[in-house]
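Have a look at the structure below before the remarks.
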Amino acid sequence: MPALEPSLEIVRVPALRDNYIWLLHDRISQETIVVDPAEGEPALDAARARGWTITQIWNTHWHPDHVGGNQAIRDATGARVTAPAAEAAKIGHIDRSVGEGDQVSTGTLKADVWEVPAHTAGHIAYHLPDVGAIFVGDTLFAMGCGRLFEGSPAQMYAAMRRFEALPDATNVYCAHEYTLSNARYAAHAEPENSAVAERLKAVEAARAADQATVPTTIGAERATNPFLRADSVAELARRRAEKDSF
Ligand code: ZN
Ligand code: FE
């Protein structure tokens, strides 16, 4: 993946079955952040291979496939953990609990914390407005959205309105490679949408070649994501329930 700007490099690290761990390296401060380490070793290996030391861990929610590597990375590097205050008890060791409006940074790289409850009750996203990037965990996926384990369709609808308000060029870093399954459902939900049909073909080709389809962009999601495009809470609820058993 190309660097988004000269001072920042973002690396996608596959983990477990279909998770993506994200490494952000800030060349100015020399800090390296890991977002949602599903497990420790792949993230540590990816950092070491580049001569980086992980200094911060940012978690989006408490699920084990997003925090499972916290301990191993802390033990190996002393990295500080930032995580949602509302899920602190479930996550364990946290150095900084954050919520809506908080800012996390390396000094040069700044992220705003958004509370986007729906997949879990305390789920947060990290938005880097200067870079045009957002780390959304399991809330927004390429052509999909997270399951509503601890929240309501109304909460997910509200989260979609916030994502939709970002510039089209914003890069969206989600935590799973779910795009093929999502694309097939999108083609079912919006059979007349030619952008969905085209993207389904592209995603099928990418996955057949074992290529990742993440990150995505807000613009691509605006055109093809049946959950971002749902025009009411009721429609989002109906589509989410339908996708759950699709
Ligand atoms: Zn999750
Ligand atoms: Fe997950």
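The values are calculated or read from the model by the stated rules, or taken from the named source; none is laboratory data. Computed from a prediction, not measured in an experiment: that's the story for all the values here. When we count neighbours, we look across all protein chains shown, and the Cβ atoms used for this are built from the backbone with ideal geometry, even at glycine. Remember, those area values only see protein heavy atoms, side chains included, never the ligands or the DNA or RNA. Shrake-Rupley method; radii C 1.70, N 1.55, O 1.52, S 1.80 Å.
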- Message: Condition first: touching a Ser or Thr at 6+ places or on another chain (Cβ under 6 Å) and in contact (Cβ under 8 Å) with a residue 60 or more places away in the chain. Can you find one or more residues in segment 138-146 that meet it?
- Response: yes
- Message: Can you list residue pairs whose Cβ atoms sit under 6 Å apart, with the first residue in segment 32-43 being more than 12 Å from ligand 2 (Cβ to nearest atom) and the second being among the aromatic types (Phe, Trp, Tyr) and open to solvent by 10 Å² or more (accessible area, probe 1.4 Å)? Count only pairs 6 or more apart in sequence or on different chains.
- Response: Thr32/Trp52
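Could you please let me know if Ile73 is more than 19 Å from the chain's Cα centre (by Cα) and hydrophobic (A, V, I, L, M, F, W, C)? Talk me through it step by step, then tell me what you get.
Details: more than 19 Å from the chain's Cα centre (by Cα): yes; hydrophobic (A, V, I, L, M, F, W, C): yes.
Answer is yes for this residue.
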- Restricting the search to segment 60-81, which residues are in contact (Cβ under 8 Å) with a residue 60 or more places away in the chain and part of a loop (DSSP other than H, G, I, E, B)? Thr60, His61, Trp62, His63
- Task: Determine if segment 78-86 includes at least one residue that is in contact with an Asp or Glu (Cβ under 9 Å, 6 or more places away or on another chain), within 16 Å of ligand 2 (Cβ to nearest atom), of a type outside the set (D, E, K, R) and at pLDDT 95 or above.
- Result: yes
- In segment 17-40, the residues that are modelled with pLDDT of 95 or more, among the β-branched types (Val, Ile, Thr) and more than 16 Å from the chain's Cα centre (by Cα): Thr32
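In the set Arg199, Arg147, Arg161, which member is under 24 Å from Asn19 (Cβ atoms), among the basic types (Lys, Arg) and either surrounded by fewer than 21 Cβ atoms within 10 Å (Cβ to Cβ) or not assigned by TED's automatic domain parsing to the domain that holds Ala237 (or both)? Write out each step before concluding.
Details: Arg199 fails: either surrounded by fewer than 21 Cβ atoms within 10 Å (Cβ to Cβ) or not assigned by TED's automatic domain parsing to the domain that holds Ala237 (or both); Arg161 fails: under 24 Å from Asn19 (Cβ atoms).
Of the residues listed, the single one that is under 24 Å from Asn19 (Cβ atoms), among the basic types (Lys, Arg) and either surrounded by fewer than 21 Cβ atoms within 10 Å (Cβ to Cβ) or not assigned by TED's automatic domain parsing to the domain that holds Ala237 (or both) is Arg147.
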